[in-house]
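Chemist: Please read through the structure below; I'll follow up with questions.
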Amino acid sequence: MTGTVQLIRLALRRDRITLPAWITVLVLTAVSAAAATIDLYPTAESRLQAAANSNGTPALVALYGRIYDPTSIGALSMFKMSAFGAMLVAVLAMFTVVRHTRTEEETGRLEYEGNEI
């Protein structure tokens, strides 16, 4: 664990622009999904029907889980956003890993001289 704190500080310093930008995108996506859910299911009856349809489909329950509070707009919006949010987080992780590993090698800053390994 030696040097872990220094590596975390370096990573946060390198991502001081991209990390807040990604967090902003994720938050705005969740907020817009909640706003769209309000327009999509304006009444409690429509939310109950949507939750019953989703909970009644075994494939959806296996992929996304059950909607436990069918009257909640938050539960429905997060049900809609779970796959898209997971995809956004996966892209963020992929870009971050590439930035912290491959970029140094591609630019030549992490090249070794001679046959050293």
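The values are calculated or read from the model by the stated rules, or taken from the named source; none is laboratory data. Note that the structure is a prediction, hence the values are computed from the model and not measured. Quick reminder, even Gly has a Cβ in these numbers, built from the backbone with ideal geometry, and neighbours come from all protein chains shown. Side chains included, ligands, DNA and RNA excluded: accessible areas come from the protein's heavy atoms. Shrake-Rupley method; radii C 1.70, N 1.55, O 1.52, S 1.80 Å.
Chemist: Using the scaling law 2.2 N^0.38 Å as the reference, what is the normalised Cα Rg of the chain?
Modeler: Numbers: Rg = 21.2 Å, N = 117, 2.2 N^0.38 = 13.4 Å.
Compared with the compact-globule rule of thumb, the chain sits at 1.58.
Chemist: Under a 1.4 Å probe, what is the accessible area of the chain per residue, stated in Å²?
Modeler: On the way: 8570 Å² over 117 residues.
The answer is 73 Å² per residue.
Chemist: Within the chain, which whole H helices from DSSP have a Cα span along their axis of at least 20 Å and a mean Kyte-Doolittle hydropathy of -1.0 or more, if any? Could the numbers behind the result be given before it?
Modeler: Values: long enough: 18-40 (32 Å, 1.65); 73-100 (38 Å, 1.54).
Going by DSSP H runs, the hits are 18-40, 73-100.
Chemist: Name the longest site-free stretch of the chain, where the excluded sites are GluC sites (Glu not before Pro) in a DSSP loop with no more than 16 other beta-carbon atoms within 10 Å.
Modeler: Values: sites that count: Glu111, Glu113, Glu116.
The segment 1-110 is the longest one with no such site.
Chemist: If you roll a 1.4 angstrom probe over the protein chains with everything in place, what fraction of the accessible area of the range 26-66 belongs to carbon and sulfur, to the nearest %?
Modeler: Values: 1680 of 2570 Å².
Using a 1.4 Å probe with all protein chains present, the range 26-66 comes out at 65 percent carbon and sulfur.
Chemist: Related question: Write down Rg/Rh for the range 25-92, rounded to two decimals, with Rg from the C-alpha atoms and Rh from the Kirkwood relation over Cα pairs. Mind showing how you got there, number by number?
Modeler: Details: Rg = 12.1 Å, Rh = 12.3 Å.
Ratio of gyration radius to Kirkwood radius: 0.98.
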